[in-house]
Amino acid sequence: MELKFTGIGAAYYPILGSNCAFFEHDNCLYLIDCGESTFRAMFSRNEIYDYDNIVVLLTHLHADHIGSLGSFLSFCKNVLDKKVLLAAEEDTIVNILAQSGVHTDKYNFTTDFKECEADGLSIYVKREIHAEDMLCCGFIFECNGEKIYYSGDTSNVPSDILNAFLSGEIKTMYQECTFLDKDSTSHFSLKKLCEIIPYEERQRVYCMHLGDDIEDDIVKAGFRVPKIV
């Protein structure tokens, strides 16, 4: 299972684009978040035109993760005649979209991520520690027996996720790494990642949601950085 990224930047480092990944499975396009730069990036690619079925999975509701969602949903329905399935943990996003003129006649909505699964693909929601005023989650995707972990925005790596990764149960981690060495109650750092991931396992970890020009430091530490497509 391969994730492609239209952006790997944090909210205050837009030069790398809004952090967003997508993948394709069973003739369906899956988009993880839809930040300020995401609609423009996807508009310029083939996937939203090629796939009749499109799913958007939201990790949380900060602007750098939903900033162009309304335009994306409206474009898919009004121009492409495709009704996107939007999944989030709570229906707050429905009210936010309605305030911007994008109502539920433009998309389908669910709080049950199991409705987004397909043959050979299972989606597990993982609670993350990021913001006190909203639910925030990451995902475990299991595709044809292979598991990957996508952290979303978080200030920790849950112990069960770390153990599953180190044992090989989780093949690949996509872990937010906003800071180089700064401690934060909302975001993770390269320093903390180095403390918990042995060097020999670091090539299985992709660092994303970068808050500065730290790509060289990440690579030097033995981790990987997703390429922006």
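The values are calculated or read from the model by the stated rules, or taken from the named source; none is laboratory data. The structure displayed is predicted, hence computed values, not measured ones. As a convention, Cβ positions derive from the backbone with ideal geometry for all residues, glycine included, and neighbour counts pool all protein chains shown. Ligands, DNA and RNA are excluded from the accessible area calculation, which covers all protein heavy atoms including side chains. Shrake-Rupley method; radii C 1.70, N 1.55, O 1.52, S 1.80 Å.
State whether one or more residues within the range 189-201 are in a strand (DSSP E or B), at pLDDT 95 or above and either surrounded by fewer than 15 Cβ atoms within 10 Å (Cβ to Cβ) or β-branched (Val, Ile, Thr) (or both). Within the range 189-201 (the criterion being in a strand (DSSP E or B), at pLDDT 95 or above and either surrounded by fewer than 15 Cβ atoms within 10 Å (Cβ to Cβ) or β-branched (Val, Ile, Thr) (or both)), the answer is no, since none of the residues qualifies. Output yes when any residue across the range 140-160 is surrounded by fewer than 21 Cβ atoms within 10 Å (Cβ to Cβ) and assigned to a helix (DSSP H, G or I), and no when none is. For the range 140-160, residues surrounded by fewer than 21 Cβ atoms within 10 Å (Cβ to Cβ) and assigned to a helix (DSSP H, G or I): present. For the residues Ser68, Ser122, Ser100, the requirement of being open to solvent by less than 70 Å² (accessible area, probe 1.4 Å) and either acidic (Asp, Glu) or more than 20 Å from Phe5 (Cα to Cα) (or both) singles out Ser122. In the range 209-226, the count of residues that are open to solvent by 70 Å² or more (accessible area, probe 1.4 Å), touching a residue at least 12 places away in the same chain (Cβ under 8 Å), under 19 Å from Ile32 (Cα atoms) and assigned to a strand (DSSP E or B) is zero.
If you take the residues in the range 161-183 that are within 20 Å of the chain's Cα centre (by Cα) and in a loop (DSSP other than H, G, I, E, B), which one is surrounded by the fewest Cβ atoms within 10 Å (Cβ to Cβ)?
If we filter the range 161-183 for residues that are within 20 Å of the chain's Cα centre (by Cα), which is where we start, we get 161-162, 164-165, 170-179.
Next, only the ones that are in a loop (DSSP other than H, G, I, E, B) stay: 177-178.
On the way: Cys177: 29, Thr178: 27.
Top of the filtered list is Thr178.
What do you reckon, is Tyr30 of a type in the set (Ser, Thr, Tyr) and open to solvent by 10 Å² or more (accessible area, probe 1.4 Å)? Explain how you work it out, then say what you get.
Working: of a type in the set (Ser, Thr, Tyr): yes; open to solvent by 10 Å² or more (accessible area, probe 1.4 Å): no.
Here the answer is no, as Tyr30 does not meet what is asked.
Against the test of being open to solvent by 50 Å² or more (accessible area, probe 1.4 Å), outside any strand (DSSP E or B), acidic (Asp, Glu) and touching a residue at least 12 places away in the same chain (Cβ under 8 Å), the options Glu90, Glu132 yield a single qualifying residue, Glu90. Going by the conditions given, is Thr154 under 27 Å from His25 (Cβ atoms) and within 20 Å of the chain's Cα centre (by Cα)? For Thr154, the condition - under 27 Å from His25 (Cβ atoms) and within 20 Å of the chain's Cα centre (by Cα) - is met.
Just to be sure before I move on: is Thr38 surrounded by fewer than 23 Cβ atoms within 10 Å (Cβ to Cβ) and within 26 Å of Glu142 (Cα to Cα) in the structure I sent?
Numbers: surrounded by fewer than 23 Cβ atoms within 10 Å (Cβ to Cβ): no; within 26 Å of Glu142 (Cα to Cα): yes.
For Thr38, the condition - surrounded by fewer than 23 Cβ atoms within 10 Å (Cβ to Cβ) and within 26 Å of Glu142 (Cα to Cα) - is not met.
Among the conditions (1) at negative phi; (2) touching a strand residue (DSSP E or B) at 6+ places or on another chain (Cβ under 6 Å), the only one that Gly152 does not satisfy is (1).
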